[in-house]
Amino acid sequence: MLPRRLSQLTAVTVTGLFTAGCTLIGGGDGGDDDASSATTVTLATHDSFAVPQRVLDDFESRSGIRVEVLNQGDAGALANKLVLTKANPVADVAYGIDSTFASRTLAENVFAPYAPPAATEGPQRYALDDAGDHGSGGDGARLTAVDVGDVCVNIDTEWFASRDMPAPRTFADLARPQYSELLVTPSPATSSPGLAFLLATVADRGEDGWQDYWRKLKEGGAQVVSGWSEAYTQEFSGSSGNGPRPIVVSYASSPAAEIGDDGTPRTEALLETCYRQVEYAGVLSGTDRPDEARRVVDFLLSPEFQRTVPENMYVYPARSDIELPGSWQRAAPLPDDPAQLPADEVSEGREQWIEQWRALYEG
Amino acid sequence: MDRTVARAVRGLSRGGRRGPGAGRARGAGVVALAALPIAFLGVLFAWPVVAILRLGVTDGEVSRALAQAQTWDLAAFTLGQAAASTAVAVLAGMPVAFLLARVRLRGAGWVRTFLLVPFVLPTVVVGLAFKALWPGGGVATIVLANAFFNVAVVARTVGGLWAHLDRRAEDAARSLGASPWQAFRTVTLPALAPALASSAAVVFLFCSTSFGVVLMLGGGRYRTLETEIYLRTVELLDLSGAAALSLVQLAAVVLALVVGGVARRRRERAAPLRAPVTTARRPAGREWWVVGAALTVVAGLLVPILALVVRSLSTRDGWGFDGYRALAGSGDGALSVTGWEAALNSLRTAFDATVLAMIVGVLAAVALVAAGRARGRAARLAGETLDAALMLPLGVSAVTVGFGYLVTLDALPGDLRTSPMLVPLAQALVVVPLVIRMVLPVLRSVDDRLRQAAATLGAAPVRVWWTVDVPLAARSLAAAAAFGYVVALGEFGATSFLARPEAPTLPVAINELISRPGELNTQLAYAACTLLMLVTAGVAAVIDRLRAPHVGEF
């Protein structure tokens, strides 16, 4: 009996040892021990944040600041979590607050004033109207634009070419039945590009006209699905999913990911249907390392970081002196004249518009 | 031999000393056992949830939300779809449980292992697969997808108890003239009731908080309390509205648990347990129909899984392993780690979560057994309350808990909010109730006379537990560990609402990849899914086979 129990114990112990490497305890964060002299600054951001480790390492060796990234969910979750934790923030810097959620964080004084020197290199074009708000000091901008990620209607160019059908160009085109029935969009109620498209129609058709516009889309047979992944990777004919519909609400940058082996893009963003989404960064007002936090904001605006954003996050750099990758210049140029609503108008109207949209489209 | 006699004699003399104090000592022991589970639940669940609700409960707002018809429509739809999904999962799971427990057929072991695979799949990917198979979507698809995820809970929990049931009672009924169905209904089913009720309760809670499935297959049109709490909390920061809905959710879950608890208590008794070797045999006659039904269910579960594998292998111009090759990289710059690193993160996190959950869950189960056997009404009531309370984390929105962490856990030393350990702790919160539900029915079915006999022979309480309970419960302990590990591997809900340092688990990485354009990202996402399924099957196979030596013991 005893030897048998022993052998079982051995089996269990061996399994335990085998899996002992499989624990987070004592594993640390993969931080190098020789970098212990570096100050760690925590950067709260959304789940789509991605940057090559090399770029972070270079910054660390230049500045002695180690950036620790803390993913906080989607852009909405990030903003709202920052509001909830403003008294004792989980991070020192936040990046990825988009124009839809910016005004709430400003009203709640989540961010401390800081105007980075590089803010005049292009980000000033997207500056928020922050002057009327005198919460914590209020003597300067608190959020600086880092990238731009416009939402546009995308089309499968080959689909239209092979049918000798002229491709749609404008919002008005999309409301015509022959195009409406080809459109798939993520829901404004459950998806952020979907909401941007709704805002685009509000901006384009006005407060009084957008509901009529959506009624036409609905009657025409436009399809609404819950999220972007479903719309783009499954329903859209121009992506790898080879779905049935050649018109989809996605991003201005999406065509850059759909370039064929011959170098020509298979899809195109309709530049007259775009809605401007800007992502901002700022120093959290509750941080106890304000100096280092400012240097991280500077880093986000540095050419080294700005150059990585197209290919890592599918967004456009906010600086104007950064050249887009060649394929982007051909397939996914930055829209010239996208629609946009003022941030406070969005935060005031958003909930009501979504309710109205739901009543109209889902009711 | 001599040692046994010596032990018996020693035991007798010690047994003689067991006087009036023994009961009180046992009570104190129960409290000590329960302390850790209570602390765990208090710190990681009750405190954060109460804190976030208190932020939202402002005068008037909550009662206004409660007065809205829409709130009650949401509650009715939530409970309705959960009940329907549970019914489907139970109906589909029972034949499979029979297959696992009573049938000696080659390959039945593989079915047990395979069953766990659906459980880990990210809902977004399964949602896409179901959407591809049934483009219409709608309530029926939601119910089917929920059942798809949860058949394993029923089959494995019920199968675990069924394998230990003494077959002779059924055989006696049959020889007295009962039809197979009568024998099943009057003898087997009542004996299985505890496990059936346990698993149904778990499935119901899972389905009532199902988020991704409802969102995706409902096309945004069907809403549940869970999806609405998410929208109110995460996107609108309408904490009042979210608090009102959370209170409704909490009330509904407590009601469901009370109903389930009453049903369970009526049926519970110690069924004679046998070694599983003697209960499995080749099916005969009409049993083949049940086997056929079980295999049909398994085939049904395979359909979406095969669809995923096919998708991982298909490229724009045919077939290829591009996605699998890409696992060594990080997609088109979409991830901060490679696919393999994400897999390793998943294994580590799940390991920690399982160890934590087994410690807390087994302690809780032992305490609950002891409390259930206690003489005092108060003790039994306390036990039942603890039992229900430990189930609550399954029925309360992960968003509520996650946002609750943000406003509470900074008060603990070392700001747990940003610790890498928070993810396994939060996952353990989900796994503990499953461990309890899998272990408890078996522990309760252990004939207390065996324990008393061991105690009379002089075994100390720990030794009684080790020599009586552990061997009898070994299979369900192993099953619980395997199941817990797998749940933790696939866990996405709780994980995604926490602030995570840069160590994405596979489900998080898959979710990230699938929200990017680009063929490589999509292929990589599906390849990562296949990897997740393989890892799951591997883990389940290893743990399922580990238990074999224990089983032969009695």
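Values quoted throughout were computed directly from the atomic coordinates according to the rules given, and no laboratory measurement underlies them. As the structure is a computational prediction, the values presented were derived from the model and not from experiment. Here the Cβ is made from the backbone with ideal geometry for all residues, glycine too, and neighbour counts use every protein chain on show.
Projected label points at residue A:169 and residue B:449, each 7 Å from Cα along the beta carbon direction, are separated by 9.1 nanometres. The order of B:184, B:403, B:119, going from fewest to most other C-beta atoms within 10 Å of their C-beta, is B:184, B:119, B:403. When A:81, A:216, B:131 are sorted by how many other C-beta atoms sit within 10 angstrom of their C-beta, beginning with the fewest, the order is A:216, B:131, A:81.
For residue B:72 and residue B:534, the difference between the fully extended length at 0.36 nm per residue and the C-alpha to C-alpha distance is 162.1 nm. For chain B, the membrane-span-like helices by this rule, meaning whole DSSP H stretches whose C-alpha atoms cover at least 20 Å of axis and whose Kyte-Doolittle mean is -1.0 or above, are B:2-17, B:21-41, B:69-102, B:139-162, B:189-208, B:239-267, B:287-313, B:339-373, B:377-395, B:422-445, B:470-490, B:519-546; this says nothing about an actual membrane. Scanning residues 5 or more positions from residue A:147 or on other chains, those with amide H under 5 Å from its amide H are A:279, A:318, with H placed 1.01 Å from N in the peptide plane. Taking every alpha-carbon pair under 8 Å whose residues sit at least 6 apart, chain B reaches a relative contact order of 25 percent. The alpha-carbon of residue A:81 sits under 18 angstrom from the alpha-carbons of these aspartates and glutamates, leaving out residues fewer than 8 places away in its chain: A:47, A:68, A:92, A:98, A:108, A:279, B:228, B:235, B:238, B:410, B:415, B:502. Would you mind classifying the range B:43-90 by shape? Square roots of the alpha carbon gyration tensor eigenvalues, ordered a ≥ b ≥ c; an a/c under 1.5 is rounded, otherwise it is prolate if a/b is larger than b/c and oblate if not. It is oblate, given that a/c is not under 1.5 and a/b is not larger than b/c.
The overall shape of the range A:174-233, judged from the alpha-carbon gyration tensor, is oblate: a/c is not under 1.5, and a/b is no greater than b/c. Rounded, prolate or oblate: which fits the range A:167-290 when a ≥ b ≥ c are the square roots of the eigenvalues of the alpha-carbon gyration tensor, with rounded for a/c under 1.5 and prolate only if a/b beats b/c? Note, shape of the range A:167-290 comes out oblate.
Sort A:274-287, B:363-376, B:426-439 for me by packing, meaning the mean count of neighbouring Cβ atoms within 10 Å per residue, highest on top. Could the numbers behind the result be given before it?
Values: A:274-287: 24.4, B:363-376: 20.4, B:426-439: 27.4.
Going by the mean number of other Cβ atoms within 10 Å, highest first, we get B:426-439, A:274-287, B:363-376.
Counting every other Cβ atom within 10 Å of each residue's Cβ, B:157, B:522, A:264 order from fewest to most as A:264, B:522, B:157.
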